[in-house]
1. Please compute the net charge surrounding Tyr107, taking Lys and Arg as +1 and Asp and Glu as -1 over other residues with Cβ under 12 Å from its Cβ.
2. Restricting to bridges with both residues inside the chain, how much of the DSSP beta-bridge set is antiparallel, in percent to the nearest 5?
3. Over the chain, what is the relative contact order in percent, taking alpha-carbon pairs closer than 8 angstrom and at least six residues apart?
4. Please state the relative contact order of region 1-107 as a whole percent: Cα pairs under 8 Å, 6+ residues apart?
5. Can you give the local net charge around Asp91? Use residues other than it whose beta-carbon is closer than 12 angstrom to its beta-carbon, Lys and Arg +1, Asp and Glu -1.
6. Can you compute 3J(HN,Hα) from phi for each residue in region 67-81, using the Karplus curve 6.51 cos²θ - 1.76 cosθ + 1.60 with θ = phi - 60°, rounded to whole Hz and x for Gly and Pro?
7. Starting from 0.36 nm per residue, how many nanometres of slack lie between His88 and Ala122 once their C-alpha separation is accounted for?
8. Using a 1.4 Å probe, what is the accessible area per residue for the chain, in Å²?
Amino acid sequence: MAKLHFYYGVMSSSKSAQLGINAFNFVRTENKWEAIKPATDNRDSATDIVSRIGIRTKARALKNLDNYKPKHGTQFILVDEVQFFDPHDIDKLVKIADSSKITIFCYGLKVDSNGDLFPASAKLLAEADETHQMETVCEIPRCSSMASHHIRFDKDGNIIRGGAQVEVGASQYKSVCRKHFHRLYDGDISLAALYRNRLQRLK
């Protein structure tokens with residue numbers, strides 16, 4: 001039985017970059033691999049997986065995995081933005097891992113901007129053979145805590161609560177630690193005030 005891995009982290013924690021590095025190494029070692037991603041992830045490319053540092057990986061964009069079959073001889077499957085798939089798509093990946101020698105690496109977010117688990121990510125946390133947290137620091141100035149959540153805000157810096165769970169794009173998000181997520185989301189402080197206070201301490 002092959003293994004199903006889930007690499008999760010906040011935005012800007014190098015998930016897509018790590019996927020691209022793995023793809024490069026598979027090419028170098030002459031292992032057969034393929035990459036897939038949800039069709040909803042069209043931020044930078046309708047097909048390619050593009051990391052924020054510019055690593056580009058060819059992929060198949062799929063609406064769902066109902067009719068997905070790995071190509072003959074595939075040894076590794078790389079799945080980007082896995083949180084945008086549905087839980088039944090995760091069931092399909094589980095079946096592939098359990099019935100073949102294909103190792104599957106999934107990369108994605110664990111929670112949305114309301115602090116709730118994505119359904120597909122929750123399924124992976126329950127089913128994956130191994131889970132791996134990819135770490136990066138909070139984006140609030142001078143905070144060295146590990147980022148674990150996302151805040152979503154409008155062009156005026158107002159925190160957006162509720163709304164659609166799936167919204168592609170990173171320009172209106174920040175990756176923050178748990179403490180700053182709750183302070184901002186619960187309305188204890190505004191994003192502008194938090195930045196102002198933090199930056200004043202730099203002087």
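1. Details: positive: Lys15, Lys37, Lys110; negative: Asp41, Asp80, Glu81.
Summing Lys and Arg as +1 and Asp and Glu as -1 gives 0.
2. Details: 9 of 29 bridges.
The antiparallel fraction comes to roughly 30 percent.
3. Working: 397 pairs, mean separation 50.3, N = 203.
Relative contact order for the chain comes out at 25 percent.
4. Details: 186 pairs, mean separation 42.5, N = 107.
Relative contact order of region 1-107: 40 percent.
5. On the way: positive: Lys92, Lys95, Lys123; negative: Asp66, Asp86, Asp89, Asp98, Glu127.
Net local charge, Asp91 excluded: -2.
6. 10, 6, 9, x, 5, 4, x, 4, 9, 9, 10, 10, 10, 9, 6
7. Numbers: separation 34, 0.36 × 34 = 12.24 nm, distance 1.17 nm.
11.1 nm is the gain from fully extending His88 to Ala122.
8. Values: 10610 Å² over 203 residues.
Accessible surface, normalised per residue, equals 52 Å².
The values are calculated or read from the model by the stated rules, or taken from the named source; none is laboratory data. Just so it is clear, the model here is predicted, and its values are computed rather than measured. For neighbour counting, all protein chains shown are included, and Cβ atoms are generated from backbone atoms with ideal geometry for every residue, glycine included. What goes into the accessible areas is simple: the full protein's heavy atoms, side chains included, and nothing from ligands, DNA or RNA. Shrake-Rupley method; radii C 1.70, N 1.55, O 1.52, S 1.80 Å.
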